[in-house]
Amino acid sequence: MTSRQVAIVLYLFVQNGPVSIQAIAETINCSDKTVRNEWSAIDEYFQSHQLGRVVRKQSKGVYLDQTDEEADRLRELLSSERAPKQTNRHDELARMLVSTRDSLTVTQLADHFYVSRSVIREDLTGVAVQMQKFGIGLERKPNVGIVITGEEKDHRSFLAELFHRSFQASGQIRDWFSPFDWAAVERVIRSIEKERNWTLTYRARTSIIVHILLSEKRMKQKFFIMMGKHDNCYPDYMNDLIHQLESLFNIRWKSAEKRYLFYHFQSARIELNESSSEHSFLTLTLSDSTLRFTNQLMDDVTERTGYPFRNDQNLFRSLALHLEGSLIRIQQNFRMHNPLVFDVRKQYPYLFEMILQSLERLDLSLNWHHDEVAYLTIHFQVALEHLDDRVEDPVRITIVCPEGRGMSKLLEAKIKQLNHSVTIVSTYSEPEHIRYAEVDLIVSTVPINSAEKPVIVVSPFLKAHEHDMLTQAIVNTQKPKCLHSKRC
C-alpha cells in the first residue's frame, strides 16, 4: 500500500465506529475525491491478505468489519508497512514536520513511526542538518513540541528536494501527488512549450510540475508565499497558465504566488535543437546582463586555467542559455536539484574550483550553490573534451540522458573519446522519442523497457568499469540484448 492508503487504513483501524469520508480527508490532508479513489486498491489489499472488509454506507459512514484474528493480522501488516528504512524515515519525518501547522511532540512521532523516542531524537538531529541547508530551522520547545521556522519558499524548495529523492528511489509520484493532477499539469506545460516554441529539459519540466502541485497543496493548507512589492505585468502565456490552473484546481493564485511561479518559468532550462542550435539560440531573448556575465565568466576561467575557452562559440551558447535561468535562481534563492553534484566535484575538482572562484569574483553578492556550479562545470568540461565530428562512423548511437543537455554532451564526448568508430546521431531526455530506424545502439543513463534496439545502461560519467562493456556493446550491436552496468 502507498503511504496515503496506509494512513487511511490506520485511521479507520483506531476508530470505535463509523466515520465520514470528510473526516478521513481532513485527517490525512487530501480531498474527499482522493480518499474515494483509494478504495479499490484498499479493498484489493484487504481481500488478498484476508483482513475482513472496509464497509462504506452512505447513511452510516465508513468502518472496518473484522474478526479479532483479522484485526491482529492487520496490526502486524500496518507495523511492517510503516517501518521504512532509516533514510526513508528521515525524509518522511521531515515531510511531516514541514507539512503540518501543529507542533508535533517526540512522543507523537515515536508512536507514528513505531520506534522509541530516543530514535526519533536522533532522527531529528539529522533532519535539522538537512533543513539548515535550505534556511529552515528546527526548534524543540518544552511543553510545546517541535517548531519549524523559515520562509515558505524555503519550505517548498525543501519539499521539492524530498520529492526528487523519493521519485529517484521509487519512480512513483502517487505517494506525493495524484497521477491525474500530474498528467493534467503536464499537458498544460507542454501546450505552453508548443505555443512558445520552447523545449524544456526533462528535469526543468518536472521541476515546474512539482512546484505547481506543491503550491496547490500548500495554498489549500493556508501556507502562502510572501513577497515585497513587485510588478504585476506578465506575458500572455503566464496569464493563460494561471487561468488554466485556477480552473483546474478551483483555487485562486494570489499576486505573490503568481510572481513566484513566473520566476520558476523564467529560470527553467531550455533545450536547443541540435540541428539548428545557432538559429535557435538567436531566436531566444536573453538579457544583456546574462550575455555580459557569460563573456566575463569565460574570460575569467580562461585566465585561471589557461584553457582556450574564450573563443568557443558552442560553449558561449550553452553557458548563456543555462545562466539566463541560473542567475534568476541564485537571485531568488531557488535551489535546482542536481543529483550529480558529488560526482562532478569528485571527477573534475580543479575545474569546479576554478569556476567557483570566478563566479565569486565576478559578483560577491551572489551565493552560488554547488548544484549550480556543478552544472556549469559540465559545460566547460564538454568544451575540453570536444572532438572532431567529421569522422565517418559505422556505428550509430543515440543517447538518452534526463540529466540535461550539458550532461548529454559530456557523455557524448566521452563515448567518442573511448571509440572513434561511432557517430552520435541524436540525444533525448526521454526514451519515448527515440527514432529506432536511425540507430544501431542506445546508450542510456536510465533503464529502458521494450527497446527495439540494443541498450546499454551506464552512469552519466561513463566510469572506468563501464568502458569494456560499452566497447563490447559496440562490437555486438546486432545482438538483441540489454547490457547493464548496474541492475535495471
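Hey, can you grab everything whose amide H is under 5 Å from the amide H of residue 200? Only 5+ residues off in sequence or another chain; H modelled, so Pro and N-termini drop out.
Long-range HN contacts for residue 200: 271.
Ranking request for peptides 39-46, 340-347: highest mean number of other beta-carbon atoms within 10 Å first, then the rest in descending order.
Highest mean packing first, the order is 340-347, 39-46.
Where does helix 202-220 land angle-wise versus the long Cα axis of the chain, in degrees 0 to 90, nearest 10?
That works out to roughly 30 degrees.
Students often forget the sequence filter, so: which aspartates and glutamates lie under 16 Å Cα-Cα from residue 414 once same-chain residues fewer than 8 apart are removed?
343, 385, 388, 389, 393, 403, 466, 468
Each residue of region 33-38 in turn: what ³J(HN,Hα) in whole Hz from Karplus with 6.51, -1.76, 1.60 and θ = phi - 60°, glycine and Pro shown as x?
4, 4, 4, 4, 5, 8
If you place +1 on the Cβ of every Lys and Arg and -1 on the Cβ of every Asp and Glu, how big does the dipole about the Cα centre of region 108-193 come out, in debye to the nearest 20?
In debye, rounded to 20, region 108-193 gives about 100.
Measure nothing but the geometry: give the 0 to 90° angle between the long axis through the Cα atoms of 3-13 and the longest principal axis through the Cα atoms of the chain, rounded to 10°.
It works out to around 0 degrees.
Collect residues whose amide H, placed 1.01 Å from N in the peptide plane, falls under 5 Å from the amide H of residue 429; neighbours closer than 5 in sequence don't count.
Under 5 Å from the amide H of residue 429: 401.
Given the rule -39500 (n - 2.57) for each run of at least 4 DSSP H residues, summed and divided by the residues of the chain, what is its mean residue ellipticity at 222 nm, to the nearest 500 deg cm²/dmol?
-17500 deg cm²/dmol
Before anything else, pin down the relative contact order of the chain: Cα pairs under 8 Å, at least 6 apart, normalised by residue count, whole percent.
Across the chain, relative contact order equals 8 percent.
What is the chain by shape, rounded, prolate or oblate, if you read a ≥ b ≥ c off the alpha carbon gyration tensor as root eigenvalues and call it rounded for a/c under 1.5, prolate for a/b larger than b/c, and oblate otherwise?
prolate
Just to confirm the number: angle between the C-alpha axis of helix 349-362 and the first principal axis of the chain, 0 to 90 degrees, nearest 10?
90 degrees
Enumerate the lysines that residue 153 could reach by cross-link, defined here as Cα to Cα under 22 Å, with residues fewer than 8 away along the same chain left out.
133, 217, 220, 222, 229, 254, 258
Output the relative contact order of region 3-81, whole-number percent, from Cα pairs under 8 angstrom with separation of 6+ residues.
Once divided by the residue count of region 3-81, the mean separation gives 31 percent.
Reachable lysines from residue 453, Cα under 21 Å, same-chain residues fewer than 8 places away excluded?
Reachable lysines: 416, 479, 481, 486.
With a/c under 1.5 counting as rounded, go ahead and sort region 274-385 into rounded, prolate or oblate using the C-alpha gyration tensor (a ≥ b ≥ c being the square roots of the eigenvalues; past the cut-off, prolate if a/b is larger than b/c, else oblate).
The shape class here is rounded.
May I have the convex hull volume per residue, in Å³, for the Cα set of region 1-132?
Spelled out: Cα convex hull of region 1-132, divided by residues, is 118 Å³.
At 0.36 nm per residue, and after removing the present C-alpha to C-alpha distance, how many nm does the segment from residue 191 to residue 353 gain when stretched out fully?
Gain on stretching residue 191 to residue 353: 54.3 nm.
For region 100-109, just list the computed ³J(HN,Hα) in residue order, Karplus coefficients 6.51, -1.76 and 1.60, θ = phi - 60°, integers in Hz, with x standing in for Gly and Pro.
10, 7, 8, 6, 9, 9, 4, 5, 4, 5
Cut-off is 10 Å between beta-carbons; in what order do 107, 201 appear when sorted fewest neighbours first?
107, 201
Throughout, read-outs are computed from the coordinates displayed, never taken from laboratory work. Note that the structure is predicted; figures quoted are calculated from it, not measured. Every residue, glycine among them, receives a Cβ derived from its backbone with ideal geometry; neighbour counts consider all protein chains shown.
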